[in-house]
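Student: My structure is below; once you've seen it, I'll send some questions.
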Amino acid sequence: MTHTAPPTKQSRTPVWPRWLGALLAFYVALTVVAAMSEGVYDIAFANLALDLSGLVSTIGIVYCVGYGVEVVASIAMGPLLDRRDAGQVLVVSYLVKIGIFVLIGLSSSFLSSHLWTIVIAAAAVDFVHHVGGMALFVLLPRIVDRHTLVKIQGIAATARSASEILSPVVAGLIIAVLPGARGLIAAAGFQILALALFAGLLMTVRRAAASQPVEDTETEPKEETAHSPSLPSRREVASTIVSSRPWRRYVAFHCLSVLALSTLFLSWLPLMREALDMSAARAGAFLAFSTVGAVLGGLIVAKSGPDRVFASMRWAPALAGAGTLIAATLGSSLWLLALGLITFGLGTTVYFRSAGLIVQLHAPIAVLGTWNGLLDAVIRVVGAAGILAAGFLFDLVGGHAVFVCLGLGLLVSAALWSRFGQRDQENLTATPLHEGLPTM
């Protein structure tokens, strides 16, 4: 009688490796801490501007200047991220913000008692903060694989949305304890913590790369690649985007979606207060339902993979448009208003994260900074136009009409994205610059 050995189980790569859990934990913590810092310094700068001028319009000037310098940063600093280590640029951005916050928070009354110094400081912080965000956007595809990137972006969206509920509360408590310019000291503390978390994130990635088998190319995090000294110029990148049919279609469809969504962002409160006759407190409370949808949207992105990104671009704006129409036409029912807000928040979050992932996954990784910077500048200008148009449209035609038009516009956007077919998707990586430069 012969005995056969029992079958041995084949070893498989774990679905959720230990390094991925640590990586996500560091990134979520980094996202939350960054949101806390942003909430504190936004309120601190706004209060300083209001106290020094006595005019509410001054707050608008501070934010307008900040938005303008972000557009400049997108165009001007993109090439720097391609020619320098994006991680080092991010570290420098943290250090500069820490320096500005400490300088104003601990300095003599001169820096904190002149409006022009506050406007310049706020603009400098917005510029550096935006460059840091661009650096992180460029860095992630260079240190993790495609599937991990999608998971990180989805969970980060959930963490960011949850932080938007907590951040104003934390910021208000800090400003109450540390009024005036001293509140910026707390913002500096959050930035120091963010810097430490970023260091932990990089250590996790490097340990994961060292522990993965050499032949395991699917889950192995990639080290940041060296940059070629002869990268194409900003003009060459812009010319490539304009001459590429799928990238032109991406920009056109994305602009239409952003125009509608950016207008809606600032229109929910006027709709609920004027068209639905709600109090300011109740309208503000109902906005939390859109955050619930955003949290769910981030989880949906995290569960999807790179192959589902384009499908999300088709149904996400349709979902946001449906939520908008539900709120506009049936919002007198509080249950349906809540449903509309949740649906809008879910669709919006999935859409914006998916749109960013298309760039990260399909632009040449060696010029991702320049590529994304040019696209981001265009989108920000379109978004600003939508924000400026929101108030005028409400006064001109009323809230219901604006919401119905914007909801229908999002449905049109979804229909356009449904025509972004397989050929367009494949040709996103078929530009002349892709021939000599790798993608993810």
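Student: Using R₀ = 51 Å, calculate the FRET efficiency as 1/(1 + (r/R₀)^6) where r is the Cβ-Cβ separation of residue 115 and residue 405; round to 0.05.
Tutor: Computed FRET efficiency for residue 115 and residue 405: 0.85.
Student: Taking the Cβ of residue 43 as the centre, find all other residues whose Cβ is under 14 Å away and add up their charges (Lys, Arg: +1; Asp, Glu: -1).
Tutor: Around residue 43, the surrounding residues sum to -3.
Student: Roughly how compact is region 18-211, stated as its Cα Rg over 2.2 N^0.38 Å to two decimals?
Tutor: The value comes to 1.06.
Student: Quick one: dipole size for region 234-436, taken about the Cα centre, charges +1 on Lys/Arg Cβ and -1 on Asp/Glu Cβ, in debye to the nearest 20.
Tutor: The calculated dipole for region 234-436 is roughly 260 debye.
Student: Most fluctuating residue of 98, 165, 143 in a GNM of the chain with Cα springs under 10 Å: which is it?
Tutor: 165
Student: Here's a follow-up. Exposed loop sites here are GluC sites (Glu not before Pro) in DSSP loop states with at most 15 other C-beta atoms within 10 Å. What is the longest stretch of the chain lacking them?
Tutor: By the stated rule (loop sites, at most 15 other Cβ atoms within 10 Å), 224-440.
Student: Wrap a convex hull around the Cα atoms of region 234-436, take a quarter of its surface area, and give that in square nanometres.
Tutor: Average projection, Cα convex hull of region 234-436: 11.3 nm².
Student: Now for a different question. If you average the alpha carbon positions of region 160-175 and of region 231-254, how far apart do those two centres end up, in angstrom?
Tutor: 38 Å
Student: For the chain, which DSSP H helices look membrane-span-like by this rule: Cα extent along the axis of 20 Å or more and mean Kyte-Doolittle of at least 0.5?
Tutor: Helices passing the filter in the chain: 18-53, 57-83, 86-106, 115-143, 146-177, 183-211, 245-265, 288-303, 309-330, 334-362, 368-397, 399-418.
Student: Roughly how many Å is it from the Cα centre of region 85-153 to that of region 309-383, as a whole number?
Tutor: One Cα centre to the other: 25 Å.
Student: Please give the FRET efficiency for residue 311 paired with residue 107, using the beta carbon to beta carbon distance and R0 = 56 Å, rounded to the nearest 0.05.
Tutor: 0.60
Student: Which whole-number percent of Cα pairs in the chain have a distance greater than 39 Å?
Tutor: 22 percent
Student: What distance in nm separates the simple spin-label points at residue 334 and residue 207, each placed 7 Å from Cα in the Cβ direction?
Tutor: 4.9 nm
Student: Looking at 107, 363, 170, which one has the Cα that reaches farthest to the positive end of the dipole of the chain (charges on Cβ: Lys, Arg +1; Asp, Glu -1)?
Tutor: The residue sitting farthest along the positive end of the dipole is 363.
Student: May I pose another question? Would you mind working out the magnitude of the charge dipole of the chain relative to its Cα centre, with +1 at each Lys and Arg C-beta and -1 at each Asp and Glu C-beta, to the nearest 20 Debye?
Tutor: 600 debye
Student: Pick out, from 96, 201, 157, the residue whose Cα sits farthest towards the positive end of the charge dipole of region 18-211, with +1 on the Cβ of Lys and Arg and -1 on the Cβ of Asp and Glu.
Tutor: 201
Student: State, to one decimal in nm, how far the label point of residue 124 lies from the label point of residue 427, with both points 7 Å from Cα in the Cβ direction.
Tutor: 4.8 nm
Student: In a shell of Cβ-Cβ distance under 11 Å around residue 294, excluding residue 294 itself, what net charge do Lys and Arg (+1) and Asp and Glu (-1) give?
Tutor: +1
Student: For residue 242 and residue 61, what is the calculated FRET efficiency with R₀ set at 35 Å and r taken between the beta-carbons, to the nearest 0.05?
Tutor: 0.55
Student: Please give me the summed charge of the neighbours of residue 317: other residues whose Cβ is under 15 Å from its Cβ, Lys and Arg +1, Asp and Glu -1.
Tutor: Around residue 317, the charge tally is +4.
A short reminder: the numbers here are calculations on the coordinates, not readings from a lab. This one's a predicted model, so the numbers in the text were calculated from it and none came from an experiment. All Cβ positions, glycine included, derive from the backbone under ideal geometry; neighbour counts span all protein chains shown.
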